[in-house]
Amino acid sequence: MPPIAVGDVLPDGTLSCFDAEDKLQQVSVHSLAAGKKVIIFGVPGAFTPTCSLKHVPGYIEKAGELKSKGVDEIICISVNDPFVMKAWAQTYPENKDVKFLADGSAKYTHALGLELDLSEKGLGTRSRRFALLVEDLKVKAANVEAAGEFNVSSADDILKAL
Amino acid sequence: MATNILRRAASSVMRETLLTGMLRRSYASVAVGSDIVSAAPGVSLQKARSWDEGVSSKFSTTSVKDIFKGKKVVIFGLPGAYTGVCSQQHVPSYTKNIEKFKAKGIDSVICVAVNDPFVMNAWAEKLQAKDVIEFYGDFDGSFHKSLELGKDLSAALLGPRSERWSAYVVDGKVKAFNVEGAPSDFKVSGAEVILEQI
């Protein structure tokens, strides 16, 4: 698939997570995003540095500001299983707003055209680093990083698009 | 007549026997006596590490040959880091028995799973096991596939993973080998069982 771009309709897909009662749930992307303003940001891997130390914390810190600008959901996705995503989310006890969803099979990442082969780093097929602003399933901003970079997909960058 | 049989079958003992018979498990290509290095030629594992360690080691991998040749190794595989039985029973059974393994001259006690080495590292730290036993990632499942110990756990939202198993390997030769009937079981792959087999 070609990478998702501004003007595209956000594809539907299934992601997974553990809910508040610690039960494994499968979630449809459209059910989270239809009729709403959502930010979806993707990271190459749970427990890796840029993802853990810069990308995620930025969205946790700016969640309040993003919500005051009408953002309904802030979703972090990664090609990891839901157990790993849950454990990783737990390393951010201060987080209230960012949802950590698992794209374990990379199917949704493929649907977005944002997959990246990181086998050389021992990671396999993962996601590129990106941030999307989506309003009622229409992509309004699609900031996709070049490999290894962190210049356009942070919370500050997405705030500029709002 | 049929309903009587069904009713008896519904009792737990019969049910367990029937279920075990019905469980279709693929059989591993390794068994006692096989050579683990020949079963997985050219395969490597990734030692659990932080990203910085990965960068400074240029994301190096460790070949199966280097892990097993000339050593006495106890190795156990499990379906996934951060999952229930793996975290709460399987790893702890080995970490709390480490002195017994050392007393039997074991060079390495290794935990392997189809996870990337960074997740394995964070998990090992969370379990406070990083300094006790060794953790390796089989990120693309190639090690488990070579030994025919791969298992599709997509139904549990884990994707391709592995069986739950343990082995005692001396200079690459398998001396003891245990595989659970189902990955959620924990009956034959713990430390206590393999200690008896060394």
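The values are calculated or read from the model by the stated rules, or taken from the named source; none is laboratory data. This structure is a prediction, so every number in the text was calculated from the model and none was measured. A quick note on method: Cβ atoms are made from the backbone with ideal geometry, for glycine too, and the neighbour counts reach across all protein chains shown. Surface accessibility is based on the protein's heavy atoms, side chains included, excluding ligands, DNA and RNA. Shrake-Rupley method; radii C 1.70, N 1.55, O 1.52, S 1.80 Å.
On inspection, A:ALA146 fails the criterion of being away from every other protein chain (no Cβ under 14 Å), among the small types (Gly, Ala, Ser), open to solvent by 20 Å² or more (accessible area, probe 1.4 Å) and in a strand (DSSP E or B).
Of the residues making up segment B:123-137, those that are within 10 Å of another protein chain (Cβ to nearest Cβ) and buried (at least 24 other Cβ atoms within 10 Å of the Cβ) are B:TRP123, B:GLY137.
Taking segment B:140-198 as the range and being under 28 Å from A:THR125 (Cβ atoms), open to solvent by 10 Å² or more (accessible area, probe 1.4 Å), away from chain A (no Cβ under 13 Å) and in a helix (DSSP H, G or I) as the test, the residues that pass are B:LYS145, B:SER146.
Would you mention how many residues in segment A:93-115 are open to solvent by less than 40 Å² (accessible area, probe 1.4 Å) and out of contact with any strand residue (DSSP E or B) (no Cβ under 7 Å at 6 or more places or on another chain)?
Taking segment A:93-115 first, the residues open to solvent by less than 40 Å² (accessible area, probe 1.4 Å) are A:95, A:98, A:100-103, A:106, A:108-109, A:111-114.
Now drop any that are not out of contact with any strand residue (DSSP E or B) (no Cβ under 7 Å at 6 or more places or on another chain), which leaves A:95, A:111-113.
Number of matching residues: 4.
Table: residues versus (1) of a type outside the set (D, E, K, R); (2) open to solvent by 30 Å² or more (accessible area, probe 1.4 Å); (3) over 13 Å from the mean Cα position of the chain (by Cα).
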site	(1), (2), (3)
A:ASP72	no, yes, yes
A:ASN80	yes, no, no
A:VAL84	yes, no, yes
A:THR91	yes, yes, yes
A:PHE130	yes, no, no
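From the list B:SER50, B:SER93, B:SER57, exactly one residue is among the polar types (S, T, N, Q), more than 10 Å from every other protein chain (Cβ to nearest Cβ), open to solvent by less than 80 Å² (accessible area, probe 1.4 Å) and touching a residue at least 40 places away in the same chain (Cβ under 8 Å). Which is it? Outline the logic, then answer.
Working: B:SER50 fails: more than 10 Å from every other protein chain (Cβ to nearest Cβ); B:SER57 fails: touching a residue at least 40 places away in the same chain (Cβ under 8 Å).
Exactly one residue qualifies, and that residue is B:SER93.
Only strands (runs of 3 or more DSSP E) whose full extent lies in segment A:77-135 are considered here, and the ones with at least 1 residues that are within 14 Å of chain B (Cβ to nearest Cβ) are A:98-102, A:115-117, A:125-127.
Taking B:VAL109 as the residue in question, decide whether it is away from chain A (no Cβ under 14 Å) and either in contact (Cβ under 8 Å) with a residue 60 or more places away in the chain or open to solvent by 20 Å² or more (accessible area, probe 1.4 Å) (or both). Can you show your working first?
Numbers: away from chain A (no Cβ under 14 Å): yes; either in contact (Cβ under 8 Å) with a residue 60 or more places away in the chain or open to solvent by 20 Å² or more (accessible area, probe 1.4 Å) (or both): no.
Spelling it out, it is not the case that B:VAL109 is away from chain A (no Cβ under 14 Å) and either in contact (Cβ under 8 Å) with a residue 60 or more places away in the chain or open to solvent by 20 Å² or more (accessible area, probe 1.4 Å) (or both).
The residues of segment B:159-191 that are hydroxyl-bearing (Ser, Thr, Tyr) and either within 28 Å of A:ALA106 (Cβ to Cβ) or in contact with a Lys or Arg (Cβ under 8 Å, 6 or more places away or on another chain) (or both), listed by number, are B:SER162, B:TYR168, B:SER184, B:SER189.
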